[in-house]
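Here's the structure, in structure tokens; my notes come after.
Derivation of every value follows stated rules applied to the coordinates shown; laboratory data play no part. None of the values given here were measured: they were computed from a predicted structure. In this analysis, Cβ positions are derived from the backbone assuming ideal geometry, glycine residues included, and neighbour counts consider all displayed protein chains.
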Amino acid sequence: MRHLRTILTAIVAGSLALSVAAPASAESSVQASTADDWRNLPLAKANPAASKDVILSLPEKVQQSDAYIDSSYTPGDTVHYPDGSLVEGQDLSTTEAKRAVEAAALCSGNLAAGSYGSFGPEAVCRSTVWGKRGYRHTYSWGVGSLNTAVCMKGRGYYFDRNGTPVKTMYNIGCALWNSGVSVKWGNVIGNPSARGASQGLAQTVPWQG
């Protein structure tokens, strides 16, 4: 009898252990499922090579789009609509910071134009544009430090036969200054950039894009 009781006790104890362990296993399964939910976002499906950090660094509105993410985007860059306004849902800690970001929505700064037709380094804006189908991005530049004409290139994108965006530095003109030239952009999340080639000595050129 004692032997039988020992066996029954072991069976009951084993059953209780299994019943206690089961919820923990189920909980782990739920956690794993939740951790991978980001892969189901439209943005993640449109950019299968993008990392979790990149996808989740973008505002929720952007995550629900099928836009293409260009490599120029870096997590932490502010994201803007084509009209320059901030996309909602970004963490800006102070009113002053928000005003500063709004003011920089249309990228502006100075670039180093190379001498005698040689293009200088690419100047990349740290404000990101969330484009849309059919969108064209506009660039402009002002009179350089030596008051000499400059040839300019601006970043844009065209789509290949597979519908994949291809970064292109479009020629946007040669002049002393230009108030606005637009290039193809489309449904791309990317950062505007420009390069300049002075027609004389190297100079600094103010640009906006």
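Listing for the model above:
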{"quantity": "Mean separation of Cα contacts under 8 Å, 6 or more apart, over the residue count of segment 68-209: relative contact order %", "calculated": "36 percent"}
{"quantity": "Formal net charge of residues neighbouring residue 153 (Cβ-Cβ distance under 11 Å; K, R +1; D, E -1)", "calculated": "+1"}
{"quantity": "Inter-label distance, nm, simple model (7 Å from Cα along the C-beta direction), residue 168/residue 36", "calculated": "3.9 nm"}
{"quantity": "Projected label distance in nm at residue 179 and residue 71, using a 7 Å step from Cα toward the beta-carbon", "calculated": "3.8 nm"}
{"quantity": "Proximal charge balance of residue 47 [Cβ under 13 Å; K/R count +1, D/E count -1]", "calculated": "0"}
{"quantity": "Extension gain from residue 143 to residue 112, taking 0.36 nm per residue of separation minus the Cα-Cα distance", "calculated": "9.9 nm"}
